[in-house]
Structures are given as structure tokens and as C-alpha cells.
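Down below is the structure, laid out as C-alpha cells.
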Amino acid sequence: MAAELVEAKNMVMSFRVSDLQMLLGFVGRSKSGLKHELVTRALQLVQFDCSPELFKKIKELYETRYAKKGAEPGPQPHRPLDPLTVHSAYERASAVPRTPLSGPNIDYPVLYGKYLNGLGRLPAKTLKPEVRLVKLPFFNMLDELLKPTELVPQNNEKLQESPCIFALTPRQVELIRNSRELQPGVKAVQVVLRICYSDTSCPQEDQYPPNIAVKVNHSYCSVPGYYPSNKPGVEPKRPCRPINLTHLMYLSSATNRITVTWGNYGKSYSAALYLVRQLTSAELLQRLETIGVKHPELCKALVKEKLRLDPDSEIATTGVRVSLICPLVKMRLSVPCRAETCAHLQCFDAVFYLQMNEKKPTWMCPVCDKPAPYDQLIIDGGLLLLLVHVTGSGPESSCLLFTCSARQVLTTELHPQLPHLTDEETEA
């Protein structure tokens, strides 16, 4: 009986929509719905109510469908789909012929995962640009479970639902279970949902649709709320971040069903699922200190560039003042940092900058108020060297003055071993 059950499921999985409708109509079940709904309904019918008459009907539909292919070479045996990532099934969907499926280890949820809103992905040959999401410094992507897929409205109602069914592989389950806890109940390795505008022109930031609600299996997942606004007439803003679904998922081979409820008000959105490892600000700081320190000589060259006389300008720069106080927390700098794209020499403290963006990611330079993303941050090696030697609580410990007339940095008079700029160097 078990062998017949597997055979019946395999045959049902190869049916077209018309075949599924005929099968469901034969037993008096509803024939309406999208293909993935019909497949799910038919499989449940086989699993829980597979009578000899039903099995005979399935076999009859199957033989009728493949009767015309008798002269063609026999189908290649089906290999169980590798469920490492759901999106890998998309690319196979256009290449694998509709042939009978065999083997008891077939992973049905992976096939379900090809559909979001009941619409399959476009064939791999279609040269349509895909939606891309911006990389997030605090999330290291391990696997792409579902490529960005457009949320398509199914009717004219304002409130829409978009389901997705998928299963984790044993390797992915093991990664989640063995990961450390960032806080009680929150694992470092997570399954996250990201939603953005369906714009293919450039990488998109996370953006929630109106009236969003996310249901994982049988429970609703919490979504970040709105920031309160103290200004009259200003609408409160909502931080759009990846939504952690891990604590509501089945950490086994069982299928997980995710339903996104969203408001259809004209704008197009796409949803994606990723397996990620969440990093802390301390880990990002360690990485920055490893690969992001700018050599003191390069920093010295930047100061010389600032002090170089411009013959075409009527205004001459005679000095550049750099504070040793972080503009973020008004404390002495410990790790002087700025973005490569910043035109100023003034630095902010990398420790506090990363901590603030961990809680509320804005990635804006506190000095010039321009974008300062993590991958453009550098540690000023020259200023870091000066901070080691300049100590004390007097005025000289809070400010550095680079000048053309002085032969060294003003605050290094007590420390002659520090590097300095001469007149010849600044005029070079």
C-alpha cells in the first residue's frame, strides 16, 4: 500500500491544471484555485482518502496524458530535488520535462516553493532584470531560500494575501540549532523575510507595504512598529528591517507556510527569504580594525592636500582644526573613523557609530550629514597614532591644529617623536 501511495503522489505531481481539475471533480471536491492549491488539495486527498477507485482514476489520467509520448525515448529517472535553496527549483522548472516522478524521497515542499501567489517564476531564458536588495552590514547571507518575487494581487480587494510554502534542509536546520544566542530566544542564524519595491533599476532598501502582517504556520510574527513623532503634522516613520521568522518555524523537515498580508494601493512589492547570520557591532568593529585602517602616510598626504596653496584661489588655507572629541557622544575619540567619500578630516568614533546603527540603521556621517555606509568606512591611522601619544586633560588634548607655518602639529610640542608636517612638505 505504501508503494502505491508513493506512486499515486508521484503521478499527481506531474499533472497539469486540467488533470488536477478532472481528478478533484471526480471526487466532488472544489476545482477552483491556483495550481499550487490544486496540487496541495490533490495530495491531501491521496494521503488521507486514497480508495481503489481514486487510484484507478489517477492512473487513468496519467496514462491518458502520456499515451502520446509512447514513441519518444523513455523519461530519465527523476533525481530528488536538492532543497538547499528554494530558488534552485526555479531554474530547473523550465528545463525539466513533465515526466513521471519516481523515488520515495521526493521533496514535495521544494516544488511548492516555486510558487508565490500561485505564480511560477519566469523561465531562466527570459532576460528580465531581477529585483535586488541592498546588502545589510549586520546580516551575512548564508542561503537564498526564495528569490525576490513580486506580490501579485489576486483580486480587486485592498487587502491581499500571498502564501509561500517551503522546507529547510537538514544542513540549514543544523546551522540554526547550533548557532549562539544573541539574546534569550534569538539565534544568530535566522530565516528572515525582506520586502522591497519591485524596482530593478538599482538595489532596493527594505520597504513594507501598507497594512502588512506576516503569519508563519499558525502564528503571527511581530513586525517593527512606527517611531513616535513629536512634531505636529509629521507622520510617524516605520523602520523597515528584515523580519525574523525563525522562532515560529518548524526546525525539521516539515513544511513551513508563510502568508504575507498586504495592502494593494497601486505600488508593486517583492518578497524574499534568506538564511542569514546576524552580526553584532563588536564583530563589525573587529572586521573594520582588521581591513579598514588607513596607513598614517596616506592620512598625512590628505592633510598636505588640504594645506596646499591654490594659485587660482584668492583664499589661502593656513590651518585645519581637527577635534579629538566625537561629535556623536561628546567624548574623546578611541577609534577615529570617517567615510572615504567624506571631504573633511574630522572623525567620529567607530565604536559608537556602529552601536547606533545597530539599533537604528541610518548610516549617515554625523559631521557632514552625508551617507557613510559600512563598506566605505576607514580608520584614520594618522589620527589613531596621535591619540596614543596625546594625553592629558588640557586644551591640547581636545584639538589638533595642522598649519602651514608651524613645523609640526600644535599639540605635539610635548611629544617630539610624533610625525609632523614641515613647510617644505606642505608646499610640495
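The values are calculated or read from the model by the stated rules, or taken from the named source; none is laboratory data. Just so we're clear, the structure is a prediction, and the values are computed from it rather than from any experiment. Note: ideal-geometry Cβ built from the backbone for every residue, glycine included; neighbour counts use all protein chains shown. Surface accessibility is based on the protein's heavy atoms, side chains included, excluding ligands, DNA and RNA. Shrake-Rupley method; radii C 1.70, N 1.55, O 1.52, S 1.80 Å.
Points worth noting:
- The range 1-35, subset part of a loop (DSSP other than H, G, I, E, B), at negative phi and among the small types (Gly, Ala, Ser), residue nearest to the chain's Cα centre (by Cα): Ser14
- Candidates Pro236, Pro210, Pro203, Pro224 - the one that is within 20 Å of Gly263 (Cα to Cα), touching a strand residue (DSSP E or B) at 6+ places or on another chain (Cβ under 7 Å) and open to solvent by 20 Å² or more (accessible area, probe 1.4 Å): Pro210
- So Leu307, is it modelled with pLDDT of 90 or more and open to solvent by less than 60 Å² (accessible area, probe 1.4 Å): no
- Residue ID - nearest to Asp143 (Cα to Cα), chosen from residues in the range 200-235 that are over 21 Å from the mean Cα position of the chain (by Cα), among the polar types (S, T, N, Q) and part of a loop (DSSP other than H, G, I, E, B): Asn217
- Within the range 252-272, if we keep just the residues that are outside any strand (DSSP E or B) and of a type in the set (Ser, Thr, Tyr), the residue that is modelled with the lowest pLDDT turns out to be Ser253.
- Candidates Leu151, Leu159, Leu168 - the one that is at pLDDT 90 or above and open to solvent by 90 Å² or more (accessible area, probe 1.4 Å): Leu159
- Residue within the range 180-190 that is farther than 25 Å from Arg41 by Cα and touching a Leu at 6+ places or on another chain (Cβ under 6 Å) present: yes
- Residues satisfying the stated conditions in the range 131-146, i.e. more than 30 Å from Ala282 (Cβ to Cβ) and either without any contact (Cβ under 8 Å) to a residue 60 or more places away in the chain or out of contact with any Leu (no Cβ under 9 Å at 6 or more places or on another chain) (or both): Val131
- Selected residue [modelled with pLDDT under 70, more than 35 Å from the chain's Cα centre (by Cα) and open to solvent by less than 70 Å² (accessible area, probe 1.4 Å)] from Ser323, Ser313: Ser313
- Any hit, the range 178-199, residues being more than 30 Å from Leu34 (Cα to Cα) and assigned to a helix (DSSP H, G or I): yes
- The number of residues in the range 326-383 being open to solvent by less than 20 Å² (accessible area, probe 1.4 Å) and in a strand (DSSP E or B) comes to 10.
- Close pairs from the range 8-28: first free of Cβ contacts under 8 Å to residues at least 24 places away in the same chain, partner part of a helix (DSSP H, G or I) and open to solvent by less than 10 Å² (accessible area, probe 1.4 Å), Cβ under 7 Å, at least 6 apart: Val17/Leu38; Leu20/Leu38; Leu20/Ala42; Gln21/Leu38; Leu24/Leu38; Leu24/Ala42
- Residues that are crowded, with 16+ Cβ neighbours inside 10 Å, under 18 Å from Ala213 (Cα atoms) and out of contact with any Asp or Glu (no Cβ under 7 Å at 6 or more places or on another chain), drawn from the range 239-256: Ile243, Asn244, Leu245, Thr246, Leu248, Met249, Asn256
- You will find that of Leu298, Leu275, Leu284, Leu302, the residue that is part of a helix (DSSP H, G or I) and open to solvent by less than 20 Å² (accessible area, probe 1.4 Å) is Leu284 and no other.
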